[in-house]
Amino acid sequence: MRVALFVTCVNDTLFPDTGRAVVRLLRRLGVEADFPRAQTCCGQMHANTGYRDEAVRLARRSVAALRGYDAVVVPSGSCAAMIREQYPGLAGSSGPFADAVAQVVPKTYELTEFLVDVLGVTDVGAYFPHRVTYHPTCHSLRGIHLGDRPLTLLRQVKGLELVPLPGAEECCGFGGTFALKNADVSAAMCADKVRAVLDTGAEVLCAADNSCLMHIGGMLGRQRSGVRVTHLAEILCSTETAGVR
Amino acid sequence: MSVTFLGMPAERPFPRNAARAVRDSQLRFNLRKATRTIRARRASVVAEAPDWAELREAGRAIKEHTLRNLDRYLVRLEEAVTAAGGHVHWAADGDEANRIVAGLVKATGETEVVKVKSMATQEIGLNEALHEQGITAYETDLAELIVQLGDDRPSHILVPAIHRNRAEIREIFAEHMAGWGRPAPGDLTDEPAALAEAARLHLRERFLKTKVAISGANFAIAETGTLVVLESEGNGRMCLTLPRTLISVVGIEKVLPAWRDLEVFLQLLPRSSTGERMNPYTSMWTGAAEGQEFHLVLLDNGRTGVLADEVGRQALRCIRCSACLNVCPVYERTGGHAYGSVYPGPIGAILTPQLRGMGSELDRSLPYASSLCGACYEVCPVAIDIPSVLVDLRARAPHPWPERAGMAAAGWVFERSGRLARLQRAGGRLRRLMPRRLPGPLGGWTDTRDLPEVPKESFRDWWDRTDGGRR
Amino acid sequence: MSSRDLILGRVRRALAGVPDVEITRAYRGPSDKPGDIRLFEERVRDYRAVVHLVDEPGVAERVARSLAERGARRVVVPAGFPAPWLAAADVEAVADDPPLSAAELDAVDGVITTCAVAIAETGTIVLDAGPGQGRRALTLVPDYHLCVVRAAEVVANVPDAVARLVPARPLTWISGPSATSDIELNRVEGVHGPRTLEVLIVT
């Protein structure tokens, strides 16, 4: 099986640890992922801010880089949702771009989908001795319907104490450029999410999306709360002998 | 070009209205409490319906089919209502509807009318238009009464006074009821039951003597000419039943093809709106019922423009349940006034700019009044994909130049992976120089949040240096 | 051009070349089975209405007790209401003939009716102005409504009710007493309609 890692521009640029964790985790499970070098950004920021032409150009680039693989693994619910939910609309009904999208879309998996549905693994042999809570993120939850896959994986992690997050399904207020255009509402939403996280008493907040974590983590950090944010992949990659870094 | 009026002036852009609203802690508290109450109620009665997904799909399809054959069904409705002794009027815009209604009221010789809560008449500013003609319109829905007495504006589709708590409502009643009719009892408390009783006493006399009523309708059945109004308090029944003349102002998208279609919508609407298995009262009448004089005013007011839009058209499926408002994290924190339209919340964010156009700063900002979290789509009983319509409207909104420049720059960088790699390396080298607070519009982030640390090495450089960790 | 032609013209232009959509009705349609009386009882009670189950011979006595407990002296009785059901009640039966004015209706102690259809799943009674029900105002203005529901009138679900009703008649669907959720979205019973709804189910 030829597997491509679509690492996403946010992870590539700001959170390389997450990308490394995915590569190592998959390797441990016997999958050698390829990193198609031509990939950059899925175009979600442009599409969702109203820059359709730019989004179409980036979508074209992305499917060109990703086609031909048997599976594309994306460690971001949001970017996976962009490819699966929005690319068909951007590509139209016919032509080479539409063909490429039709090829790539059914093979695109968010990381936990790939682990649970394709590899059929729920215990990835991880060890992470911490109290952890999980934020499902909107696009993971309502966009691509990850369901309880992430929780199933987390429950198998040795040493990990999973605590439920009250109001988990509520948006953290990130929303891409929403956080800038409607900064006050975004911050108010984030403050409520932060309060919910702190109420759990967790040491670590994890999610399948670093952009939401960057948003929540930014406020947790500003408040000197001591709660760390970590992408789910980094927890799943951790073992008794080796952390990620 | 004429601009469609939607019951409120379009003033400041949404983010500025919202910024003020989120600082109002009383408002935040009232909204949080109310939306969470109703959300839980809706969730429990929806979970109880084993065929909710199928009802929702049928609701979507029936509405979509109706819209795609709207001319046919409107003509059919007109025929059926006329055959049953009603009179049908057509209004291309709000002004025309207001003129028609004022003319009909004047023809009765009356100067007072009672009103059932109706979004369509709020949208066209009917009360104000009647006032100019010397006709007083009395709102009879409890929440509308609170808004009217408080000289306030509605902030929710179903519960226009959702922004008010019981103490505020008590104050409004105590202070203003006397100016409109029977005063509030002197010992009025803020118990909801006492407040409801005060409204009952205040309006009782008026219901029994007023000769003309104005309503909207939730549904109008083309096949039979039947109009349907769902309500809770009985004020609707009072208005629909007692007066000699009934005038119903109904948006053209409210038509349903067949009587049978009610079996779907009488399940979808109550469970989605008030979170009940069934609302206390539903009235259905066909033409001139029980000897009443009945007028139906069919209202366009921008709807045909929306109908022409391939993506935006689905907004006309809306049955005004307000489930999307109740679940929206943005609405919960800003309330309805920030949206500057009688249609607030997610549905308002897609309906208002389509009906009114994107000529004002406010209307241009509405498609961005969402984090695209998708909760609205999930609860919508007719499956309006609100996030997709928002994104489509964003693509058509004019963008400010600094943003255009930023997006163009980002697009240029992402156009070649080499450009991205060079930028990442530059960022890695300059990482210690990153300011804690960002300038200009980006400062909204750093006011309350730390920026993530820029790593020394990007993922792609790590991959190249280590051959994907194999070296 | 008339506004009618203008609007219909705009609609037709907007729809030029737009394909129709298929309607699938995979939801539960009419069950064509009798409604579950126990469920109906439970669901009516959920709305904080008063509910009694009685057998046919016990109706008159139950009606008399309900009216007595309410303290109702003058009660509107619509034409066609079964006379034997009122036989034991010590009340003045007020007829709507000639039609009572709104003020007169406001002055009575209550109204007693039958219904056209009742829905078990939602705890709803539907009046269609038929025999024993009268015109719509009769069950609206008085503050107390006593409704006698025969088991045969109870259907299972909303589609059953829609199938049974005649749209040309004025219909009133009643689910519990008048209520409002306009204050902090908490349900409060008793606004403009009858504040007390009492339902007798005849088994």
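The values are calculated or read from the model by the stated rules, or taken from the named source; none is laboratory data. Since we're looking at a predicted model, the values are computed, not measured. Cβ: placed from backbone, ideal geometry, glycine included. Neighbour counts: every protein chain shown. Side chains are part of the model used for accessible areas, which takes the heavy atoms of the whole protein and leaves out ligands, DNA and RNA. Shrake-Rupley method; radii C 1.70, N 1.55, O 1.52, S 1.80 Å.
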> Looking at the range C:1-94, what helices (runs of 4 or more DSSP H) fall wholly within it and have at least 1 residues that are aliphatic (A, V, I, L, M), touching a residue at least 40 places away in the same chain (Cβ under 8 Å) and surrounded by 18 or more Cβ atoms within 10 Å (Cβ to Cβ)?
Replying inline: C:37-46, C:59-70
> Of all residues in the range B:356-375, which are within 13 Å of the chain's Cα centre (by Cα) and surrounded by fewer than 24 Cβ atoms within 10 Å (Cβ to Cβ)?
Replying inline: none
>> Given the options B:Leu268, B:Leu262, B:Leu316, name the one that is open to solvent by less than 10 Å² (accessible area, probe 1.4 Å) and either facing chain C (nearest Cβ under 8 Å) or at pLDDT below 95 (or both).
In response: B:Leu262
> Pick from B:Ser341, B:Ser388: which is polar (S, T, N, Q), within 12 Å of another protein chain (Cβ to nearest Cβ) and either assigned to a helix (DSSP H, G or I) or in contact (Cβ under 8 Å) with a residue 24 or more places away in the chain (or both)?
Replying inline: B:Ser388
>> B:Glu233 - would you say it is of a type in the set (Asp, Glu) and in a helix (DSSP H, G or I)?
In response: no
> Would you pick out the residues in the range B:414-471 that are of a type in the set (Asp, Glu) and either in contact (Cβ under 8 Å) with a residue 40 or more places away in the chain or assigned to a loop (DSSP other than H, G, I, E, B) (or both)?
Replying inline: B:Asp447, B:Asp450, B:Glu453, B:Glu457, B:Asp461, B:Asp467
> Could you say whether any residue in the range B:63-77 is more than 9 Å from chain C (Cβ to nearest Cβ), of a type in the set (A, V, I, L, M, F, W, C) and within 23 Å of B:Met284 (Cα to Cα)?
Replying inline: yes
> Of all residues in the range A:22-32, which are more than 7 Å from every other protein chain (Cβ to nearest Cβ), open to solvent by 10 Å² or more (accessible area, probe 1.4 Å) and in contact (Cβ under 8 Å) with a residue 24 or more places away in the chain?
Replying inline: A:Arg28, A:Leu29, A:Val31, A:Glu32
>> Looking at B:Leu27, B:Leu104, B:Leu74 in this structure, which one is farther than 30 Å from C:Arg187 by Cβ and open to solvent by 10 Å² or more (accessible area, probe 1.4 Å)?
In response: B:Leu104
>> Test of understanding: among A:Gly19, A:Gly43, which residue is at pLDDT 95 or above, closer than 30 Å to B:Ile386 by Cβ, buried (at least 19 other Cβ atoms within 10 Å of the Cβ) and of a type outside the set (Lys, Arg)?
In response: A:Gly43
> Hey, any hits in the range A:182-202 for a residue that's in contact (Cβ under 8 Å) with a residue 40 or more places away in the chain, out of contact with any helix residue (DSSP H, G or I) (no Cβ under 8 Å at 6 or more places or on another chain) and in a loop (DSSP other than H, G, I, E, B)?
Replying inline: yes
> Looking only at residues in the range B:432-463 that are within 46 Å of the chain's Cα centre (by Cα), more than 9 Å from every other protein chain (Cβ to nearest Cβ) and surrounded by fewer than 14 Cβ atoms within 10 Å (Cβ to Cβ), which one is nearest to A:Cys9 (Cα to Cα)?
Replying inline: B:Met434
> What is the number of the single condition among (1) part of a strand (DSSP E or B); (2) in contact with a strand residue (DSSP E or B) (Cβ under 6 Å, 6 or more places away or on another chain); (3) more than 22 Å from B:Thr286 (Cα to Cα) that C:Pro177 does not meet?
Replying inline: (1)
> Restricted to the range B:165-221, and to residues that are part of a helix (DSSP H, G or I) and of a type in the set (Lys, Arg), which residue is most open to solvent (accessible area, probe 1.4 Å)?
Replying inline: B:Lys209
> When only residues in the range C:180-203 that are within 7 Å of chain B (Cβ to nearest Cβ) and assigned to a strand (DSSP E or B) count, which is farthest from C:Asp32 (Cα to Cα)?
Replying inline: C:Ile183
> When only residues in the range B:274-294 that are more than 8 Å from chain C (Cβ to nearest Cβ) and open to solvent by 10 Å² or more (accessible area, probe 1.4 Å) count, which is modelled with the lowest pLDDT?
Replying inline: B:Gly291
> C:Ile125 versus (1) surrounded by fewer than 24 Cβ atoms within 10 Å (Cβ to Cβ); (2) farther than 30 Å from B:Asn165 by Cβ; (3) among the aliphatic types (A, V, I, L, M): which is the lone unmet condition?
Replying inline: (1)
>> Based on this model, can you work out whether B:Thr121 counts as farther than 24 Å from B:Glu332 by Cα, open to solvent by less than 20 Å² (accessible area, probe 1.4 Å), away from chain C (no Cβ under 14 Å) and among the polar types (S, T, N, Q)?
In response: yes
>> Return the residues of the range B:85-106 that are within 7 Å of chain C (Cβ to nearest Cβ) and touching a strand residue (DSSP E or B) at 6+ places or on another chain (Cβ under 6 Å); say none if nothing qualifies.
In response: B:Trp90, B:Ala91
>> Among the residues in the range A:143-150, are any touching a residue at least 40 places away in the same chain (Cβ under 8 Å), outside any loop (DSSP other than H, G, I, E, B) and either farther than 13 Å from A:Leu205 by Cβ or assigned by TED's automatic domain parsing to the domain that holds A:Glu113 (or both)?
In response: yes
>> Considering only residues that are over 19 Å from B:Asn301 (Cβ atoms) and assigned to a strand (DSSP E or B), which ones fall in the range B:70-124?
In response: B:His87, B:Glu112, B:Val113, B:Val114
> In this structure, is B:Ala408 of a type outside the set (Asp, Glu), surrounded by fewer than 16 Cβ atoms within 10 Å (Cβ to Cβ) and at the interface with chain A (Cβ under 9 Å from one of its Cβ atoms)?
Replying inline: yes
> Can you spot a residue in the range A:56-67 that is in the same structural domain as A:Phe15 (by TED's automatic domain parsing), modelled with pLDDT of 95 or more and more than 26 Å from B:Asp464 (Cα to Cα)?
Replying inline: yes
>> Only one of B:Val228, B:Val264 is in contact (Cβ under 8 Å) with a residue 60 or more places away in the chain and out of contact with any His (no Cβ under 9 Å at 6 or more places or on another chain). Can you tell me which?
In response: B:Val264
> A:Ala188 fails exactly one of the following numbered conditions: (1) surrounded by fewer than 21 Cβ atoms within 10 Å (Cβ to Cβ); (2) over 21 Å from A:Leu153 (Cα atoms). What is the number of that condition?
Replying inline: (1)
